[in-house]
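First the structure, in the form of structure tokens, and then the observations on it.
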Amino acid sequence: MSISISKTSPKRATNITLSVDVYNEAKALGINLSQTCDRLLREAIAIEKTRCWPNEHAEFIAAYNKMIEQEGLPLDQWRTF
């Protein structure tokens, strides 16, 4: 999965609540919290969009499958396998 990270995207300050142990360990290891949260949220967004796609396009998928059942696959006559 490819996650697009734009360097020119505007930033917005926000407050988040973290477990103290997670915060302390991340800081001790030099992990940039903002960059890490941004990257992981982008990944979570991409996963959620992928999960939602079939439901959002269910009508089209059903219509396409019905067309394939009735008419066969496009270019099927030239298929060699």
Subject >> Matching label, P(r) over Cα pairs in 10 Å bins from 0, in percent computed from the structure shown, candidates (i) 13, 25, 23, 15, 12, 11, 1; (ii) 18, 41, 29, 9, 3, 0; (iii) 16, 45, 21, 8, 6, 4, 1 >> reply: (i)
Original post:
Considering the chain as a Gaussian network with a 10 Å cut-off on Cα pairs, which listed residue, L33, L18, L41, attains the greatest mean-square fluctuation?
Top reply: L18
**OP:** Report ³J(HN,Hα) in whole Hz for each residue of the range 65-81, in order, from the Karplus equation J = 6.51 cos²θ - 1.76 cosθ + 1.60 where θ = phi - 60°; Gly and Pro get x.
**Re:** 4, 5, 4, 5, 4, 7, 10, x, 6, x, 6, 4, 5, 9, 6, 10, 10
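Counting helices only, and only those DSSP H runs with n ≥ 4, report the 222 nm mean residue ellipticity of the chain as the sum of -39,500 (n - 2.57) divided by its residues, in deg cm²/dmol to the nearest 500.
For the chain, the value works out to -19000 deg cm²/dmol.
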Original post:
Can you give the angle from 0 to 90° between the axis of helix 33-56 and the longest principal axis of the chain, with both taken from C-alpha atoms, to the nearest 10?
Top reply: 20 degrees
Original post:
How many angstrom lie between the C-alpha centres of the range 32-60 and the range 9-27?
Top reply: 20 Å
**OP:** Can you find, among H57, A26, Q70, the residue farthest towards the positive end of the dipole of the range 20-74? Put +1 on the C-beta of Lys and Arg, -1 on that of Asp and Glu.
**Re:** A26
Subject >> Proximal lysines to K11, defined as alpha-carbon separation beneath 29 angstrom and excluding residues fewer than eight positions away on the same chain >> reply: K27, K49
**OP:** Report the trypsin sites (Lys or Arg not before Pro) located in the chain that are in a DSSP loop and have at most 12 other Cβ atoms inside 10 Å of their Cβ, or state none.
**Re:** K7, K11, R12, R79
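Throughout, read-outs are computed from the coordinates displayed, never taken from laboratory work. All figures in this text were calculated on a predicted structure; none of them were measured in a lab. Cβ coordinates were reconstructed from backbone atoms using ideal geometry, including for glycine residues, and neighbour counts include every protein chain displayed.
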